[in-house]
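Chemist: This is the structure I want to talk about, given as structure tokens.
The values are calculated or read from the model by the stated rules, or taken from the named source; none is laboratory data. Note that the structure is predicted; figures quoted are calculated from it, not measured. When we count neighbours, we look across all protein chains shown, and the Cβ atoms used for this are built from the backbone with ideal geometry, even at glycine.
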Amino acid sequence: MFAEAEIIVNISNKLALPKEAVIQVDDDYFALVLNNEKTNEYHFKKVKLEIGLQTEDYIEIMNSENLKNKKLVVKGTYMLLNE
């Protein structure tokens, strides 16, 4: 016995960041965005995120317009915050 099926899903393009790039402080979520770059010196600012759906590895970012054309820290965010 066999069955033929068609699965229909909605497709949409949305911005998502690796979970390692997202910092959670209490009930708020942040990303570190490059604010200023000098020779061997980088300054970052925390940008508050509105999150959506999550997978095991990624978090959907609802307010992605705040991150467009920006350089983000995607690894080592907690190390930077602890320094």
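Chemist: Would you be able to say whether some residue in segment 32-45 is within 10 Å of the chain's Cα centre (by Cα) and without any contact (Cβ under 8 Å) to a residue 40 or more places away in the chain? So that I can check it myself, show each step before the final result.
Modeler: Within segment 32-45, the subset within 10 Å of the chain's Cα centre (by Cα) is 32.
Still in the list and also without any contact (Cβ under 8 Å) to a residue 40 or more places away in the chain: none.
Looking for residues that are within 10 Å of the chain's Cα centre (by Cα) and without any contact (Cβ under 8 Å) to a residue 40 or more places away in the chain, one finds none in segment 32-45, hence no.
Chemist: Can you find a residue that is at pLDDT 90 or above, assigned to a loop (DSSP other than H, G, I, E, B) and either surrounded by 10 or more Cβ atoms within 10 Å (Cβ to Cβ) or touching a Cys at 6+ places or on another chain (Cβ under 8 Å) (or both) anywhere in segment 29-45?
Modeler: Looking for residues that are at pLDDT 90 or above, assigned to a loop (DSSP other than H, G, I, E, B) and either surrounded by 10 or more Cβ atoms within 10 Å (Cβ to Cβ) or touching a Cys at 6+ places or on another chain (Cβ under 8 Å) (or both), one finds none in segment 29-45, hence no.
Chemist: Can you report the number of residues in segment 48-77 which are in a strand (DSSP E or B), free of Cβ contacts under 8 Å to residues at least 24 places away in the same chain and polar (S, T, N, Q)? Reasoning before the result, please.
Modeler: Quick first cut of segment 48-77, residues in a strand (DSSP E or B) only: 48-49, 51-54, 58-61, 72.
After this cut, where a residue has to be free of Cβ contacts under 8 Å to residues at least 24 places away in the same chain as well, the list is 48, 53.
After this cut, where a residue has to be polar (S, T, N, Q) as well, the list is none.
Residues flagged as in a strand (DSSP E or B), free of Cβ contacts under 8 Å to residues at least 24 places away in the same chain and polar (S, T, N, Q) within segment 48-77 amount to 0.
Chemist: Go through segment 67-77 and report how many residues are within 13 Å of Leu49 (Cβ to Cβ) and modelled with pLDDT under 85.
Modeler: Residues flagged as within 13 Å of Leu49 (Cβ to Cβ) and modelled with pLDDT under 85 within segment 67-77 amount to 1.
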